[in-house]
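These notes concern the structure reproduced below.
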Amino acid sequence: TGVQTCALPICCSADYNSGYNNAGTNNLSPNSYNISGLIPGTTYYYCAYASSAAGNTAGTQLNFTTTASTPTITSPTEASITSSGATLGGNITAQGGSAVTARGVCRSTTDNTPTIAEGATCTTHASGGTGVFTVDVVSLNPSTLYYYAAFATNTQGTSYTSTDNFTTLRSEEHTSEL
C-alpha cells in the first residue's frame, strides 16, 4: 500500500515493508507532529528521517495502532408501510476500524429518540459490513405514529442514525353482505 502519510521529517505507513519515502530536509525541532486522516483500527509504522549533505538516514522503525471508533451509519429509510408492519433500514458507511457485530432498527411510540439503552423495541439484521440494509418490522399497531432510528454496533459501541417517523395505515375494515 505504500507510504500513507509523510509529515517531514516523520514518515508514516500502514505497510510494514513500504520502505522510506524521500522526505527531503527539515531542521525543525522538536520532532513532534500531528497527523490527520488516519484510518481507525489501523497499525501504522513510522520512523524519524533525516537528510544532509552526507546523505539520508532513517531512525528505528516503530509502530502504533489507531483506536477504533463506533460505526458511521446514516440515512434512516422506510418503505412498505402497512397497518401492521414496515420495512425500515439504514446505511452503514464505515465500520470504524472494528467489524460491525449487530445492526438493525429501534422503534418506539413514545420516545422520539429510541435506543437500545433506553429499552426501545429493536429488530436486528444479520451482521455485515458497510452498505444499505433493511429489516421487516412486524406486529405494529394500526394508525399509530412510530419513531425509529437505525443502529450499528461494533466493539467500540453503538451508533444511531437521526430519528425519523412514520404512521401505520388504518386497519382494513371488513364488511359482510347480509
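So which of Ala126, Ala117, Ala149 ends up being more than 19 Å from Ser84 (Cβ to Cβ) and either surrounded by 15 or more Cβ atoms within 10 Å (Cβ to Cβ) or touching a residue at least 60 places away in the same chain (Cβ under 8 Å) (or both)?
Ala149
Does Ala79 count as closer than 26 Å to Glu118 by Cβ and surrounded by fewer than 14 Cβ atoms within 10 Å (Cβ to Cβ)?
yes
Condition test on Thr87, is it more than 19 Å from Gln156 (Cβ to Cβ) and surrounded by fewer than 17 Cβ atoms within 10 Å (Cβ to Cβ)?
Here the answer is yes, as Thr87 does meet what is asked.
With a cut-off of at least 2 residues that are among the aromatic types (Phe, Trp, Tyr) and in contact (Cβ under 8 Å) with a residue 24 or more places away in the chain, name the strands (runs of 3 or more DSSP E) lying wholly within region 36-109. Spell out how you get there, then give the answer.
Values: elements: 43-52, 55-58, 62-65, 72-79, 86-94, 102-108.
Passing ranges, in order: 43-52.
Return the residues of region 152-172 that are surrounded by fewer than 15 Cβ atoms within 10 Å (Cβ to Cβ) and over 24 Å from Ser84 (Cβ atoms); say none if nothing qualifies.
Within region 152-172, Thr155, Gly157, Ser162 qualify.
Mind checking which residues of region 104-114 are under 20 Å from the mean Cα position of the chain (by Cα) and either open to solvent by 70 Å² or more (accessible area, probe 1.4 Å) or of a type in the set (S, T, N, Q) (or both)? Reasoning before the result, please.
Start the filter on region 104-114 by keeping residues that are under 20 Å from the mean Cα position of the chain (by Cα), which leaves 104-106, 113-114.
Thr113, the sole residue that qualifies.
Within the bounds of region 47-64, is there any residue that is surrounded by 14 or more Cβ atoms within 10 Å (Cβ to Cβ) and under 30 Å from Tyr148 (Cβ atoms)?
no
The values are calculated or read from the model by the stated rules, or taken from the named source; none is laboratory data. Being a predicted model, the structure only gives us computed values, none of them experimental. So basically every Cβ, Gly included, is an ideal-geometry build from the backbone, and we count neighbours across all protein chains shown. Accessible surface is based on the protein model in full, side chains and every heavy atom, while ligands, DNA and RNA are left aside. Shrake-Rupley method; radii C 1.70, N 1.55, O 1.52, S 1.80 Å.
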